[in-house]
Amino acid sequence: MTFAPPSDPDRVSHELTLRVPDCPEAYEILRERGAEFLTPPVESDWEIRAFFRDPDGNLLEISEAK
């Protein structure tokens, strides 16, 4: 098995979601450490979440349940 970055960054076959206790705080910490987010945290009725990519281009999500 060989790991490889996504061939097309606009297509996603899977993602990893990380539950965090405070999404806006985690967003700021990760951004300060160099994470490049696709959007700032977005709030819905049931969660707050934000998406970013790891250095290989894989999609990651931080999510806070309400």
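Points worth noting:
- Charged-residue dipole, Cβ positions (Lys, Arg, Asp, Glu), the chain about Cα centre, Debye nearest 20: 140
- Considering only the chain, percent of DSSP beta bridges that pair antiparallel, nearest 5: 70
- Compared with the dominant principal axis of the Cα atoms in the chain, helix 23-32 is inclined by about 50°.
- Taking the protein heavy atoms of the chain in the context of the full set of protein chains, the accessible area attributed to carbon and sulfur is 52 percent at 1.4 Å.
- Nonlocal amide H pairs with residue 20, under 5 Å, H built at 1.01 Å: 63, 64, 65
- When the chain is described by a simple charge dipole with +1 on each Lys and Arg Cβ and -1 on each Asp and Glu Cβ, the residue from 20, 38, 60 located farthest towards its positive end is 60.
- Residues with amide H under 5 Å from that of residue 35, placed H, sequence gap 5 or more: none
- Principal axis extents of the Cα atoms in the chain, from largest to smallest and rounded to whole angstrom, are 37, 25, 20.
- GNM top mover of 54, 45, 22 - the chain, alpha-carbon springs below 10 Å: 45
The values are calculated or read from the model by the stated rules, or taken from the named source; none is laboratory data. Small disclaimer: the values here were computed from a predicted structure and weren't measured. Cβ: placed from backbone, ideal geometry, glycine included. Neighbour counts: every protein chain shown. Quick note on the areas: whole protein, heavy atoms, side chains included, nothing else; ligands and nucleic acids left out. Shrake-Rupley method; radii C 1.70, N 1.55, O 1.52, S 1.80 Å.
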